[in-house]
Amino acid sequence: MSELEKEIQRRRTFAIISHPDAGKTTLTEKLLLFGGAIHVAGAVKSNKIKKTATSDWMEIEKQRGISVATSVMGFEYDGYKINILDTPGHQDFAEDTYRTLTAVDSVIIAVDVAKGVEAQTRKLMEVCRMRNTPVMIFINKMDRDGKDPFDLLDELEEELKIKVRPLSWPIDSGQQFKGVYNIFQKKLDLYTPSKQTVTESIAFSDINNPALEGHIGNSLAEKLREDIELIEGVYPDLDMDRYLKGQVAPVFFGSALNNFGVKELLDCFVKIAPSPRPIEAVEREVNPNEEAFTGFIFKIHANMDPNHRSCIAFVKICSGKFERNVNYKHMRFNRLMRFSSPTAFMAQKKETVDEAYAGDIVGLPDTGNFKIGDTLTSGENLHFKGLPSFSPEMFKYIENADPMKTKQLQKGIDQLMDEGVAQLFTNQFNGRKIIGTVGQLQFEVIQYRLLHEYGAQCKWEAINLHKACWIESDDAEEIENFKKRKAQYMAKDKEGRDVFLADSNYVLMMAQQDFKNIRFHFTSEF
Ligand code: G4P
């Protein structure tokens, strides 16, 4: 294996996703502690956008500058280079999370043992499913009373539409929580509340060994044996191939707050989670081990310094090695660019790097050259796909509130949309601009940023819309008929694609019924 291949093989790039409050931040922090990337608990947490920010989003503005530090958290663990990609906790920024998921090779889902599968988890899992991303599940807060673990496994399978395979199993729960039997490593990991760690980890290859009683008492030992027997009977052994295809998810139990089960999760994760995987470009599949560098922009973080319009564009390296001061081709501009101060992210620190490998994320300081989805290569003509836009859930007309600043408004809207803050649709009937978002907060952010960064003022006007669907058909005539019939509801997205803006679910269903040769898509990539 070449040096390049070795470097790439040892990379694990992933995101932790969860419904707010399930413990994503706490889990991230504990992983960083294991990697020695931070030394005190609370370091990540303090960067978190406060949950109360729904109306007080000025707080978010303040946090934005800081949160770039946690956008990517890289660290070394046990010979592996781990990159955790942070996703915004606030659901109004879900679109950001969807895009981040296009840059990861696998995912860990944190689930609260008491709450089970929640709305946001379900939605994020749908995105994972679209891309067959391998997932592992961490059932968190085992120190609290929660659902029965078997019921929870059923719930996971049903709600997340994925098969599961427990690789650890809890011994009692809540106040009586004793620890877990680590099925993956054949170990008994015992827990003492308040010790904030696994207090005893005993190799235990045979669950029938009578020594078990000595550790956890007669009734729990008996229960554990029954449970494990049931698990072995019901759930086939973890099939690695199916895990890598995103068809079956290993499940771990623990408590992030108490640092219980986290190391076990991490140890298994580095062993089984995939290193960078081949990525589809329009032209061909790109293998990470190819010598030539390729990558795409999946996130743009704006205005680190409010006095300069500067951004950081985040590149996921898809293949080869990225080097500082080397010319790479910006596909959309069809010209060469080189980067003198690319940054890598090692936990809290941001530093200039000379080289980075497939799987890594580098930040490129930018003054408006990049759009989300842009491809960079060593020269080959390639376009990575797979950065879909999802139908927004909220829509508003955007209107100019200061006629003297029309140009500024135009520019501001354009740039914010390139950055992926929200989606713009232009109604083909009346020419009005419609902004679509996944949450109310994004409207406030846009208004504020237009004013503070572009000196432009906008106002919002209500519009009653249900969904945006990208339409497509092999039947040109039918498309034309449809567009005529729905003229008032036809729009173009930023790329000039036809979008049907349905004002209710009923209208959408009728349209689907009446126009059988038209395909209606709820993401822009099909
Ligand atoms: P999030 O990023 O997914 O939104 O969740 P976060 O880690 O912020 O955790 C949400 C709350 O759940 C926090 O409490 C956190 O301390 C708690 N928590 C996380 N893991 C566990 C666990 O294993 N057991 C228990 N009992 N609680 C856990 P908070 O009160 O909102 O915040 P804080 O003030 O305690 O920091």
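Results, tabulated for the structure shown:
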| read-out | value |
| --- | --- |
| Tally, over the stretch 2-36, of residues that are hydrophobic (A, V, I, L, M, F, W, C) and within 13 Å of the ligand (Cβ to nearest atom) | 7 |
| Residue list for the stretch 77-110, filter: in contact with a His (Cβ under 9 Å, 6 or more places away or on another chain) and more than 10 Å from the ligand (Cβ to nearest atom) | Gln91 |
| Qualifying residue in the stretch 117-124 (condition: away from the ligand (no atom under 15 Å from the Cβ), closer than 19 Å to Ser18 by Cα and open to solvent by less than 60 Å² (accessible area, probe 1.4 Å)) | no |
| Residues within the stretch 373-396 that are closer than 20 Å to Leu450 by Cα and open to solvent by 30 Å² or more (accessible area, probe 1.4 Å), tallied | 2 |
| Scan of the stretch 280-311 for residues that are in a strand (DSSP E or B), modelled with pLDDT of 90 or more and surrounded by 19 or more Cβ atoms within 10 Å (Cβ to Cβ), ordered by number | Ala281, Val286, Thr294, Gly295, Phe296, Ile297, Phe298 |
| 3 or more residues buried (at least 17 other Cβ atoms within 10 Å of the Cβ): qualifying strands (runs of 3 or more DSSP E) within the stretch 480-526 | 498-502 |
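So that you can scan it fast, the table gives a plain yes or no per residue for (1) crowded, with 16+ Cβ neighbours inside 10 Å; (2) under 29 Å from Cys311 (Cβ atoms); (3) modelled with pLDDT under 90:
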{"site": "Met1", "(1), (2), (3)": "no, no, yes"}
{"site": "Phe14", "(1), (2), (3)": "yes, yes, no"}
{"site": "Ile17", "(1), (2), (3)": "yes, yes, no"}
{"site": "Thr25", "(1), (2), (3)": "yes, yes, yes"}
{"site": "Gly35", "(1), (2), (3)": "yes, yes, yes"}
{"site": "Gly42", "(1), (2), (3)": "no, yes, yes"}
{"site": "Lys50", "(1), (2), (3)": "no, yes, yes"}
{"site": "Asp56", "(1), (2), (3)": "no, yes, yes"}
{"site": "Arg64", "(1), (2), (3)": "yes, yes, yes"}
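Rundown of residues vs (1) out of contact with any Gly (no Cβ under 8 Å at 6 or more places or on another chain); (2) within 13 Å of the ligand (Cβ to nearest atom), yes/no style:
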{"position": "Lys141", "(1), (2)": "no, yes"}
{"position": "Arg144", "(1), (2)": "no, yes"}
{"position": "Lys147", "(1), (2)": "no, no"}
{"position": "Lys161", "(1), (2)": "yes, no"}
{"position": "Val164", "(1), (2)": "yes, no"}
{"position": "Leu167", "(1), (2)": "yes, no"}
{"position": "Asp172", "(1), (2)": "yes, no"}
{"position": "Gln175", "(1), (2)": "yes, yes"}
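This table checks each residue for (1) closer than 28 Å to Arg122 by Cβ; (2) open to solvent by 10 Å² or more (accessible area, probe 1.4 Å); (3) of a type in the set (A, V, I, L, M, F, W, C); (4) under 25 Å from the mean Cα position of the chain (by Cα).
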position	(1), (2), (3), (4)
Asp154	yes, yes, no, yes
Lys163	yes, yes, no, yes
Trp169	yes, no, yes, no
Leu190	no, yes, yes, no
Ala203	no, yes, yes, no
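The values are calculated or read from the model by the stated rules, or taken from the named source; none is laboratory data. Source: prediction; values computed, not measured. Every residue, glycine among them, receives a Cβ derived from its backbone with ideal geometry; neighbour counts consider all protein chains shown. Please note that ligands, DNA and RNA were not included when accessible areas were found on the heavy atoms of the full protein model with its side chains. Shrake-Rupley method; radii C 1.70, N 1.55, O 1.52, S 1.80 Å.
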